[in-house]
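Have a look at the structure below, then the notes.
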Amino acid sequence: MSVTLTPDMRAVIQSAHLCFAATVTPDGMPNLSPKGTIRVWDDRHLFFLDLASPGTRANLRGRPWMELNVVEQLSRRGYRFFGPATVHTEDATFTEATRRVLGQEQLPPPAAIVLLAVERAAPLISPGYWRVANERAMREQWRERRAELDREFEDYLDGVEPFRVPR
């Protein structure tokens, strides 16, 4: 059974632009990996480009199930999406997904595309809503907090060596 993605789900995914993919390793351990290219494929599927996740691909080969968590940071709400996932390389899905994402962003070529058939979806809502009047108030509160956190991290970066991706 599949879930039809709602306009709200689509809006959160578009705004968040980041999700966390949960898979299970061959030895039964959880694996959580950030994915910065989450997109809606159609009314019942989500996808992301696998830019550097050989572990996620390997996990899906053994256990083709995945949960994606998408949270819009300022609103502090989002969704959990669960279902079977397929890995695509050098096929029509790979070509179309790559075209959709690389038409919007400058990224390295993906190793694969992961397509999730959404069988279950559930909202993720911060308990912070117990203390605020509405979503606009939540967003304003977190806009201010986000600016404070950014300043703190910038101060930290001033005192350390620049981060470089190992090659």
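Taking a sphere under 12 Å around the Cβ of Thr37 and counting the other residues whose Cβ falls inside, with K and R at +1 and D and E at -1, yields a net charge of +1.
Given the choices (1) 65, 59, 30; (2) 44, 43, 37; (3) 96, 55, 28, Cα extents along the principal axes in Å derived from the coordinates of this structure is entry (2). Measuring nothing but protein heavy atoms, the accessible surface of the stretch 17-167 at 1.4 Å probe radius is 55 percent carbon and sulfur. Full extension of the segment from Glu96 to Phe20, taken as 0.36 nm per residue of separation minus the current Cα-Cα distance, would add 25.1 nm. Between Leu107 and Glu148, the distance separating the two model label sites (each 7 Å from Cα on the Cα→Cβ line) works out to 3.3 nm.
Note on Leu157 and Ala52: their simple-model spin labels are 1.6 nm apart, each label 7 Å out from Cα toward Cβ.
When Arg143, Arg120, Arg61 are compared by accessible surface with a 1.4 Å probe, the order from highest to lowest is Arg61, Arg120, Arg143. A 1.4 Å probe run over the chain, with the rest of the protein chains in place, finds 63 Å² accessible per residue. Per residue, the average separation of C-alpha pairs within less than 8 Å and at least 6 apart gives the chain a relative contact order of 23 percent. With both labels modelled 7 Å from their Cα along Cα-to-Cβ, the Ala11 to Ser126 distance reads 1.8 nm. Taking all protein chains together and a 1.4 Å probe, the residues Tyr79, Tyr156, Tyr129 rank Tyr156, Tyr129, Tyr79 from largest to smallest accessible area.
Helices in the chain, meaning DSSP H runs of at least 4 residues, each add -39500 (n - 2.57). Divided by all residues, the mean residue ellipticity at 222 nm is -10500 deg cm²/dmol.
The values are calculated or read from the model by the stated rules, or taken from the named source; none is laboratory data. Keep in mind the model is a prediction, meaning the values are calculated, not measured. Don't worry about glycine lacking a Cβ; one is built from the backbone with ideal geometry, like all the others, and counts go over all protein chains shown. For the accessible areas, the whole protein counts, side chains as well, though only heavy atoms, and no ligand, DNA or RNA atoms are used. Shrake-Rupley method; radii C 1.70, N 1.55, O 1.52, S 1.80 Å.
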